[in-house]
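Everything below concerns the one structure shown next.
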Amino acid sequence: MAGMQKDISGNSKAAKTIARGALTVMSAFIISNLVGLLAKTLTARYFGTGIESNAFFAANRFSEILFNLVAGGALGSAFIPVFTGLLAKNENQKAWRLASAVMNLVTIVLIILSLLTVMFSKQVVRYILTPGFAENEMLLTAQLLRIQVLSSVIFGLSGLVMGALNAHQHFLLPAIAPAMYQVGWIFGIFLLEPKMGIYGLAWGVVIGSFFHLAVQIPRLLKLPEIGYSITFGLEMAEVREVTRLMAPRLLGVAVVQLNFLLNTYLASFQQEGAITAISLAFPLMIMPQAVIAQSIAIAALPTFSAQVAKNKIDEMRNSLTSTLQAVLILSIPAAIGLILLREPIVSLLYKGSAFTSQSVILVSWALLWYSMGLVGHCLMEITSRAFYALHDTKTPVIIGVGAMIGNLLLSLLFSTLFSNLGWMPHGGLALANSTATAVESIILLILIKKKLHGINGKKIAETVIKSVLASMGMGAAILLVERIISSYGPAQTVVISIATGGIVYVLFLVLLRSKEISNVFSLIRARFAKKEL
């Protein structure tokens, strides 16, 4: 009995730790995404969906691919569990030696890749990135690529700093860092674009990557026993462990990036503005995913990793179940809301002098099909973190590779199908992404259940049923509101519809006696009570 009470206490403590961290990250992510939204809005209004914006987003895509391959999710998922494990064992000196070695290796690799990209930028654009562009578009894309690729090196360093801070349960500044990146983007639009045009925006991306790193440095310098070593640490078993964990995950990231690359490749042959359309629509879908799933996942991974390091698998299983419930209760209504309000949202955010009614149609069409994959993206974010905490990067990578290969095939199939139906083919690229992600998330859930010898599927199913029922009521309310205020502008439509839909959704959850919504209210009350004290 005492042991059971201890387990319950441990589970409750872990859940509160994740919840506190998730709320911190979620708040920062909301700010970051609002700033990011402002940056995308300004870009759309200044450049529309024409040649310059197409070239900019294509070049930006390749720079992000370099970063993600070397120092993005692959490294974070491999570095954090090993680094956290050393900290949990009070081996701080070895932990920082590991961090130094990984930082040095990543920096050298990124510098080499960036230099090669600069040297062969024209070939990269012509044969890999956008072969469907006209000659003048290719030249502009190559010029923008040579500027933006500098950001990948800075992001590599910043990603490692972010991992170290998260491992120490410091989430605020790493979560704010993306907002600082977008501040640099905005800086480029307002201060550099008037004199440099689209090149000013490209330099704004580089400045933003520096801001992304700089904002985290003060908190990093305050960490206990922090130290930097000029070493590659090849003799360290921990460095080899990070490499071992990273290798299969790197393959998965490579396949994901290949899908983004293929989308850019195929869109370069489609109607003008297709690349800009998918580049502006995907972030709108990812915004709720970042606020909901990434914030919770970032907060959960150190807790999951610490539970595994202490061999508390039962606690980790319960933490995972409650985390999945929280993600589902938020992501399902978010997906429905995006689908129903896609056109007024796009019009409100992007429409301006250069962003025409046709541009609204292009982006809204892509957003419709991307939104169908929101729940899958959210579930995958959490489930994959559970595998990483268990030092298993192989399983999610194998599934991810299979899903992304399916995505590649579906991109070709759906874009062709959409063209034959007389639909805009870039919507097929978005639907392929959503379909593949949904399949991947389902398979990962099945496999993590086996690996943990079960998760509370009944609780998860109850959450899904209640959320779907409440979302149906929310959707009906949104449609009714849209009909009543059909003559209103997009701003009024979006604000009134979201407010009404949100209230209806919460009321339905209360009527359905959802424990998740009760937990949210309890957590908010606890935080306010703490402030009053």
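The values are calculated or read from the model by the stated rules, or taken from the named source; none is laboratory data. The structure presented is a predicted model; accordingly, all values stated were derived computationally and were not measured. We place every Cβ from the backbone using ideal geometry, glycine too, and count neighbours over all the protein chains shown. Side chains included, ligands, DNA and RNA excluded: accessible areas come from the protein's heavy atoms. Shrake-Rupley method; radii C 1.70, N 1.55, O 1.52, S 1.80 Å.
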When you scan region 86-130, how many residues do you find that are in a loop (DSSP other than H, G, I, E, B), of a type outside the set (Phe, Trp, Tyr) and open to solvent by 70 Å² or more (accessible area, probe 1.4 Å)?
-> 2
Filter region 240-252 down to residues that are open to solvent by less than 40 Å² (accessible area, probe 1.4 Å) and not hydrophobic (A, V, I, L, M, F, W, C) and give me whichever is farthest from the chain's Cα centre (by Cα).
-> Pro248
If you check Leu348 against the conditions, is it over 17 Å from Asn433 (Cα atoms) and open to solvent by 30 Å² or more (accessible area, probe 1.4 Å)?
-> yes
Name the residues in region 230-289 that are of a type in the set (Asp, Glu) and in a loop (DSSP other than H, G, I, E, B), would you?
-> Glu235, Glu272
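Filter region 260-300 down to the residues that are of a type in the set (Phe, Trp, Tyr) and modelled with pLDDT of 85 or more, then identify the one that is surrounded by the most Cβ atoms within 10 Å (Cβ to Cβ).
Taking region 260-300 as the starting set, the residues that turn out to be of a type in the set (Phe, Trp, Tyr) are 260, 265, 269, 282.
Imposing the further condition that a residue be modelled with pLDDT of 85 or more reduces the set to 265, 269, 282.
Values: Tyr265: 18, Phe269: 13, Phe282: 20.
Among them, the one singled out is Phe282.
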Quick one: Gly473 ticks every box in (1) surrounded by fewer than 15 Cβ atoms within 10 Å (Cβ to Cβ); (2) more than 26 Å from the chain's Cα centre (by Cα) except a single one, so which number is it?
-> (1)
Filtered residue count, region 49-65, keeping only those that are open to solvent by 20 Å² or more (accessible area, probe 1.4 Å) and of a type in the set (A, V, I, L, M) | 1
Would you mind finding the one in Ile455, Ile442 that is surrounded by 14 or more Cβ atoms within 10 Å (Cβ to Cβ) and not in a helix (DSSP H, G or I)?
-> Ile455
Return a yes/no flag: does region 486-504 have any residue that is open to solvent by less than 60 Å² (accessible area, probe 1.4 Å), hydrophobic (A, V, I, L, M, F, W, C), modelled with pLDDT under 85 and over 19 Å from Ser331 (Cα atoms).
-> no
Can you confirm whether region 293-316 contains a residue that is over 21 Å from Met162 (Cα atoms) and within 15 Å of the chain's Cα centre (by Cα)?
-> no
Is region 432-442 home to any residue that is within 21 Å of the chain's Cα centre (by Cα), at pLDDT 95 or above, more than 30 Å from Ile313 (Cβ to Cβ) and of a type in the set (Val, Ile, Thr)?
-> yes
Scan of region 42-85 for residues that are at pLDDT 75 or above and not in a helix (DSSP H, G or I), ordered by number = Gly48, Thr49, Gly50
Spot the failing condition for Ser441; the list is (1) closer than 30 Å to Val82 by Cα; (2) of a type outside the set (Lys, Arg); (3) without any contact (Cβ under 8 Å) to a residue 24 or more places away in the chain, and only one is missed.
-> (3)
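Please pick out the residue among Ser357, Ser415 that is farther than 26 Å from Ala306 by Cβ, among the small types (Gly, Ala, Ser) and either touching an Asp or Glu at 6+ places or on another chain (Cβ under 6 Å) or crowded, with 17+ Cβ neighbours inside 10 Å (or both). So that I can check it myself, show each step before the final result.
Numbers: Ser357 fails: either touching an Asp or Glu at 6+ places or on another chain (Cβ under 6 Å) or crowded, with 17+ Cβ neighbours inside 10 Å (or both).
On inspection, the qualifying residue turns out to be Ser415.
Need at least 2 residues that are open to solvent by 10 Å² or more (accessible area, probe 1.4 Å), under 29 Å from Gly227 (Cα atoms) and not charged (D, E, K, R) per element, so show me which helices (runs of 4 or more DSSP H) inside region 135-199 make the cut, counting only ones lying wholly within it. Break it down stepwise before answering.
Working: elements: 135-148, 150-167, 172-187, 193-196.
Qualifying helices (runs of 4 or more DSSP H): 150-167, 172-187.
Here is a yes/no grid of residues against (1) surrounded by fewer than 16 Cβ atoms within 10 Å (Cβ to Cβ); (2) within 19 Å of the chain's Cα centre (by Cα):
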{"site": "Phe210", "(1), (2)": "no, no"}
{"site": "Leu221", "(1), (2)": "yes, no"}
{"site": "Phe232", "(1), (2)": "yes, no"}
{"site": "Glu238", "(1), (2)": "no, no"}
{"site": "Ala254", "(1), (2)": "no, yes"}
{"site": "Leu258", "(1), (2)": "no, yes"}
Of everything in region 309-328 that's more than 24 Å from Ile292 (Cα to Cα) and in a helix (DSSP H, G or I), which residue is most open to solvent (accessible area, probe 1.4 Å)?
-> Asp314
